[in-house]
Structures are given as structure tokens and as C-alpha cells.
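Reviewing the structure listed below.
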Amino acid sequence: MLYRLGDPIAAGVAAYKNDGTDDPATYDRRAGDHHDGMTWFGVGTNGAWDAKAGNRGLLVMNHESLTPVFLHPAGRTVVGGVRTVASEVRREFFLHGVSVIETNKGADGKWTYKQDSTFNRRVHTLTPMELSGPVRGTDYVKTRYSPAGTGTRGTVNNCANGTTPWGTYLTCEENWYGYFSRTPATDDARRTAKELAAIKRYGVGPQAFYGLWGTTQGAADSTEQDTFDRWNLDVTGATAVNDYRNAHNTYGWVVEIDPFSPTSTPRKRTALGRCGHEGACLGTVEAGKPLVWYMGDDARNEYIYKFVSNRNWDPADATGGLAAGDKYMDDGKLYVAKFNADGTGEWVELAFGKNGITASAANYAFADQADVLIHARLAADVVGATKMDRPEWTAVNPKTGEVYVTLTNTNAASRPIDKTDAANPRFYNDPKGATAQIGNPNGHIVRFADSGGNAGTTLAWDVYLFGARSTASANINISGLSADNDFSSPDGLWFSHATPGLAWLETDDGAYTDVTNCMLLAAVPGKVGDGAKQTITNVSGATSRTQDTIVGAKPGEKDTQLQRFLVGPKGCEITGIAESGDGRAVFVNIQHPGEDTKDADIGDATKYQSHWPDGGTSRPRSATVVITRNDGGLVGV
Ligand code: FEO
Ligand code: CA
Ligand code: CA
């Protein structure tokens, strides 16, 4: 056990009581909630980044969201749709964002974090951020906080992550739209038709479902009141610099943080486009070639993107920090993926004036490149990109350069039986007890090889794995999973660097939880084209339809290529994975154990769904665990 919700990360901060009474003002120096994507950065003897270091490193992790029932004395206080206890909201602001903590392996081989390390840092909802890249300074992002449109505060719903070749961390803003409130009955009339089209496409408001932060009453002063007001998008002032009508445009980005510079200002890299960003996986790095990041937009029927830098990689920039980010990540091309039925595909550029992305596009009158980047989903709609079954993590196999994308699941409403395609081919019922689960409730993993390297604009793809119960029919359990490796709803996916070819797969599942909790699997994937074309039969009531797809080699055919590695506690998601530079320690996040506990049960510990990790009658906590081998060897092989 390494790092639990509320653990102190600065000298003088008391141990977490975990009963809802800890001082709200200390939460900017405690572990956040809902640990998610993370990266371990080795620290060399000179205190700088050393990718190969094994015993000392900065663990940088996302805190995606909250389990509110366990954060306050008796759950969240909401009266008539209004947050009436400002201190609760302040606590929630701090519990989101990112942690940077120094971790060390002791002489006894045990890992701990250093509570008083000068590297330790919390980035949270109030942390100042720079807007960087083409959107910086444009009218779309001018707010009362930043009339020049150059900055914003904070980051939320940081799901998966990414890295750079210069030792910085990328944190990705996923369901940010759910934090903003808006009142359509009055606000619609004050907006342009374009603004309303964008708000609708991104699902912003009308009522924030994450926390009603914009309704909070009882601020200590006008400065604090402003930190609540900024979550309310209603047009109330004379111009955009008098209110927060544009605040949503400052969220939905990939954000770069330099963990080795604790006072540096994080930068939102707008050239990578705005969506429900899951992660941003760096492609193969080669001197003299562009840098590439692959990104999923995690919502049903959304797309897979990649960003390609205009500059070619110069290894001299490996110590460049955020200035290297300015060079490679603020200037490049954004593409979206199209998967053809025959196993080929294309990357279509999302650039103003190209591929129909113009002022006369049917869905939206694009004005400039900033407009395209802020509304990447609308631009991707124009070019007919392939709608996927919720793109979660992207991962690149260092042995092959091939890219893997988890497609966690979808339902019948989002993809009816007549809307399947070769890359999203399944429609079936996976009953959970008496409850029908119809659509693609178990998800799958698509993979592709870009032609001519990661910067190429065509690709070849297949489906690496289909999630399923091992007991399901061959039309559902297409990958032939067994009771030892069947899984549902793939989400986290990451390739080891210490052991090239080894992949880690994590689940965020609600469909198969009548049999098992969420889990971590170890895998040794082959490559695109190692399987065969297949025709499956989808069934909906009395209707059946055939669908062609392309299936990778079944893991069972090669014996040990997919193995369940650990199963988490009740109510959790397994997400976030990292390794020490020598691969002898693996860090795994257990997110929201016991999250199905009802608000009404907060006083009765016997009704908590889980007491993990502290046991007894404790409230459950998200936490990071460290896995090592008894013999000190590489983990997972
Ligand atoms: Fe936050 Fe897409 O899982
Ligand atoms: Ca996720
Ligand atoms: Ca998920």
C-alpha cells in the first residue's frame, strides 16, 4: 500500500482521519480521490529525470473524480439543488487534479512515498494554467478570470495520461462538461446559434451532474465566490470578460505538467484538440521524425485522434521541459481515424479550409483553426470519421509501433443492430442475472499499424480482443476467452518499457460484476493481421444480421498470451499503471472501492460495500498499490 485518498504530502499535515472531518484547507496537501492514469519518472542522482532509475522516482497520477458519500461527514449537502456548504465544495476542488509524489524503495525492498519531499505537489481545480497553442488568446476562451484568453484555472476529470520524450506528464480532461451548469431557459436566447450547436454537441449542461459547484452559496469573500461562479456558464455580463460564458472552452484539453519543476505552470496544449480526452499515448520516437500522440475521445460514438508535430524530433530537446512542449505540441496537425471494412483505414486531417471543414459546412460554420480545435468533434463529424464504441486508453507496443485502443462498451441505443461496422461489429445480449445488457456491453480492443510509421496517413487494423464471458456463444466470445482470462469493459491499457511486448490491461466494468470484480490482466499481443476475417451473427430479438470483421489471433491458441493478474475489491475500477525504470516494481491504482454505497447508509458501516484498504469499519479509499516479486525480478514475466 503506497498512497491512499487523503494521505498527507507535506510536512506538518496530519494523518487522514477519513471520517469527513479533516480540515478542508489541508486538502491541497493531501492525496486526491479516484486515482487514475499515472506515470513513474525515475530521478537520477542529480535530481533530474532518469528514465532508467529503479529506486527513486516521482509518481505522477490523476485524480479523476470523487466518491462524495465518503468525503464529508454525511455525504454532500445539497438543499433544493444548491450546494449550501462552501467548505465541502472547497474540499472537492482540491480532491480533483493530479498528484506528484516522491517514491523510494527502502533497504528492505519496500516502497514508500516521502511526505516532506520538495517535489511533492498537488495540481487541482484552482491551480493557474496557461492556454498554449493556436487557441491561446482567441475570443473563444476570454473569461472574467483571463480577459486576454491566455489562462484558466485548474483541471478536472483527469482520466488517462501520457508522456513526452522530455520527461513531462500529460493529463487528459475527460468528462469536464459535467461540471458546468447552465440555464437554457434564459441562456439560450443570449447565445449565438453556433454556440448552442457546440454546447449541444459536447453535452455541456444544462445541469452539472458532478457537483453543482456553480450553485455554491456561502463563500468567504468575493474571491472565493468567483471560484464557484466560474462553473456557471450563464451569460450574465455585458461581454465575455464579465462572466464565464466561455469557461467550458478552457476545458477538454491535454495538459502538460513538468513534475521536476514544482512551481511551473501547467500548459493546456490546444493543438491536440478538445474532446472528452481519455489519454494521449506517445508513438514511437525517432530522431529526425515527427512526434505523434494517439488519443481516444471517451463517449459513445466518438472518435480516435492523433496529433503529429510539424517539427522533427531532435534528441537534444530531451532535457527541454515545457519549452520542448511549446516546440512540438503547440504546432502540428490533428487527424481523426476512419476504419474501412476491408481492414484498411485513413487518418483525415482536421484543418480549417480542408476536407469540407469550412464556413459552409452543413453542421457548423467554422471560422478559423481555433474554432476547429475547440470543436474537434464537429470537425470530425464533417469528414465522416468512424464512430467507435467509447475509445478509452491508447497504447503503443514498443516492439512493433502498433497502436491499441480499448473500446470499453456501448449500448443498443447508441449502436443499434443495423449500425454495427467491421471495427465495431458486435450486437448481443449479455444478461446479468435477470437484467438484459444489450449492445456491446463487454467491449473490445482495436489495433492498427500506421503505414510508413506513426506519422503515416493510412493504416491497417484488426480487433485484437473481444471482452466476453467465457461461457458466451462463439458469436460473442469471439476471442475464445477462458475462465482464467475472461474480462469485460477494457479501459486501462499500457505497454511495459522494461519488458518490451508485455501489455497490461485493466477493466472498468459493470456488466460482468455478477461473477467478478474489476481486474488487471497481463498480455503478450501479436500483431495486426495475425488472425483472420470472420463473419459473426448478431441477434436482436427475432432479428439476426451477419457482420464481417477482422479478428486477431485468439490468445488461447498460443496458450499463455493473456492471463488474469489481480482482481480488485468490490465496487472498484482498476486503472492507472506504471513501473519503476527497472521494471521491478509495478504501481496500480484501485479507484473508488465501495462506490455503490448509498448516501443513506453513511452512518452504518455494516452497509458499506467495501472497507478497502484499511479494513474494519473504515470508509473505503482509492489508493495506489505497489507490486514486486519476492525474488526481486521483473514483474509480469
Ligand atoms: Fe474515465 Fe474513460 O474512463
Ligand atoms: Ca478510463
Ligand atoms: Ca471508463
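Laboratory data are not the source of any read-out in this text; all were calculated from the coordinates shown. This one's a predicted model, so the numbers in the text were calculated from it and none came from an experiment. Methodologically, a virtual Cβ is constructed for each residue, glycine included, from the backbone with ideal geometry; neighbour enumeration extends over all protein chains shown.
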In 10 Å bins starting at zero, report the fraction of Cα pairs in the stretch 354-498 per bin as a rounded %. 11, 31, 32, 20, 6, 0
For the stretch 578-637 and the stretch 102-158, what is the separation of their Cα centres, given in Å? 25
Residues with amide H under 5 Å from that of Trp111, placed H, sequence gap 5 or more: Gly106
HN-Hα couplings for the stretch 627-637 via Karplus (6.51, -1.76, 1.60; θ = phi - 60°), in whole Hz with x for Gly/Pro, come out as 10, 10, 8, 4, 8, x, x, 5, 7, x, 10
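Using alpha-carbon pairs under 8 Å, 6+ residues apart, how would you state the relative contact order of the chain in percent? Intermediate results must be reported in sequence, preceding the final value.
On the way: 1771 pairs, mean separation 77.5, N = 637.
Computed value for the chain: 12 percent relative contact order.
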How charged is the neighbourhood of Gly583? Take every other residue with its Cβ under 12 Å from the Cβ of Gly583, and add Lys/Arg as +1 and Asp/Glu as -1. +1
Express the relative contact order of the stretch 105-156 as a whole percentage, based on alpha carbon pairs under 8 Å and six or more residues apart in sequence. 35
What is the ratio of the Cα radius of gyration of the stretch 166-229 to 2.2 N^0.38 Å, with N the residue count, to two decimals? 1.41
Measuring from the lowest to the highest alpha carbon on each principal axis, how far does the stretch 440-529 reach, largest first, in angstroms? 44, 32, 19
With n ≥ 4 as the cut-off for DSSP H runs, can you work out [θ] at 222 nm for the chain, using -39500 (n - 2.57) per run divided by the number of residues, rounded to the nearest 500? -2000 deg cm²/dmol
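Charges at C-beta only: +1 for Lys and Arg, -1 for Asp and Glu. How large is the resulting dipole of the chain about its Cα centre, in Debye rounded to 20?
Values: 62 positive and 74 negative charges, 68 e Å.
Once rounded to the nearest 20, the dipole reads 320 debye.
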So what is the relative contact order for the stretch 215-366, in percent, with contacts set as C-alpha pairs under 8 Å and at least six apart? 13
A correct fewest-to-most ranking of Ile476, Ile627, Ile574 by other Cβ atoms within 10 Å would be Ile627, Ile476, Ile574
Show the residues, 5+ positions off or on another chain, whose built amide H is closer than 5 Å to the amide H of Arg30. Ile9
Positive end of the dipole of the chain, charges at C-beta (+1 Lys, Arg; -1 Asp, Glu), about the Cα centre: which of Thr513, Ser580, Asn175 has its Cα farthest in that direction? Asn175
Mean Kyte-Doolittle of at least -1.0 plus a Cα span of 20 Å or more along the axis: flag which DSSP H helices in the chain meet both, please. none
Quick check on the chain: what does the Kirkwood estimate of hydrodynamic radius come out to from the alpha carbon pairs, in Å? 24.8
Using alpha carbon centroids, what distance separates the stretch 513-557 and the stretch 433-459, in Å? 10
So for the stretch 347-440, taking the charge dipole from beta-carbon charges (+1 Lys/Arg, -1 Asp/Glu), which of Thr435, Thr358, Trp347 sits furthest toward the positive end? Thr435
How large is the dipole of the stretch 413-547 about the Cα centre if only Lys and Arg carry +1 and Asp and Glu carry -1, each at its Cβ, rounded to the nearest 20 debye? 380
For the stretch 30-40, just list the computed ³J(HN,Hα) in residue order, Karplus coefficients 6.51, -1.76 and 1.60, θ = phi - 60°, integers in Hz, with x standing in for Gly and Pro. 10, 4, x, 9, 6, 3, 9, x, 7, 9, 9
Highest to lowest packing among 312-321, 97-106, scored as the average C-beta count within 10 Å: 97-106, 312-321
What is the distance in Å between the Cα centres of the stretch 411-431 and the stretch 272-324? 30
For each pair in Lys387/Lys432; Lys194/Lys268; Lys268/Lys607; Lys200/Lys570, compute the distance between the two Cα atoms and list the pairs where it is over 30 Å. Lys268/Lys607; Lys200/Lys570
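Size of the dipole of the stretch 187-318 about the Cα centre, Lys and Arg at +1 and Asp and Glu at -1 on the beta carbon, nothing else charged, in debye to 20?
540
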When the charge dipole of the chain is computed with +1 on Lys and Arg Cβ and -1 on Asp and Glu Cβ about the Cα centre, the Cα farthest towards its positive end, among Gly32, Tyr464, Ala323, belongs to Ala323
Hey, any idea what the orientation-averaged projected area of the convex hull of the stretch 1-100's Cα atoms comes to, in nm²? 7.5
In nm, what is the difference between 0.36 nm times the number of residues separating Thr118 and Arg311 and their Cα-Cα distance? 66.1 nm
